[in-house]
């Protein structure tokens, strides 16, 4: 990856969560989560529908994240037919990206600007041999679609209203090895 200071400026930008009014369902989820976790107050709750699947994102402050994660299995058992995620709230783009894929090994992140749409396209690379790409995009690509809806509707850069889009890609370690060997031989 050709790394530039512009990448730093984008990856380390402050994000803002757009204020949204909770629906009655989200208010019930808030009360349920607060009661279930014995007093942990989620900073944001987003209920996103992709095709026939609902994704519920509970954003939790850093200091309560691990305590809240202890309840994830129980919450998933209580709320059937929905994909539940507990995410550590973070206002820095790169940190939030890593929080959205908490148990996966991200190999690289690449930023491109789509001149036609004016969007920042953030490509997240996973090693093919670790089989993490399928987990990252979700069944039928639903998880990554839900994340893109999340960024489109609820999360913005702090200083401007520039949309961004996440893409998950896989890269083979064989390609990396061949690339490294060709660079070494040309030196």
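Every read-out reported here was derived from the displayed coordinates using simple, explicitly stated rules and does not represent laboratory data. The structure displayed is predicted, hence computed values, not measured ones. All Cβ positions, even for glycine, are placed from backbone atoms using ideal geometry, and neighbour counts span all protein chains on display.
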Go through 124-131, 113-120, 52-59 and give me the packing order, highest mean Cβ count within 10 Å leading.
-> 52-59, 124-131, 113-120
Theoretical FRET efficiency, 1/(1+(r/R0)^6), r = Cβ-Cβ of residue 43 and residue 108, R0 45 Å, to 0.05 | 0.95
Could the peptides 143-155, 74-86 be put in order, highest first, of the mean number of other beta-carbon atoms found within 10 Å of their residues?
-> 143-155, 74-86
Report the antiparallel proportion of the DSSP beta bridges in the chain as a percent, rounded to a multiple of 5.
-> 55 percent
Counting alpha carbon pairs within less than 8 Å and at least 6 residues apart, what relative contact order, in whole percent, applies to the chain?
-> 21 percent
Semi-axes a, b, c in Å (a largest) for the range 30-133, each sqrt of 5 times a Cα gyration tensor eigenvalue, come to 28, 16, 16
Run the numbers on the range 23-89 and let me know its relative contact order in percent, using alpha-carbon pairs under 8 Å that are six or more apart.
-> 30 percent
Taking R0 as 35 Å and r as the Cβ-Cβ distance between residue 81 and residue 173, the FRET efficiency 1/(1 + (r/R0)^6), rounded to the nearest 0.05, comes to 0.40
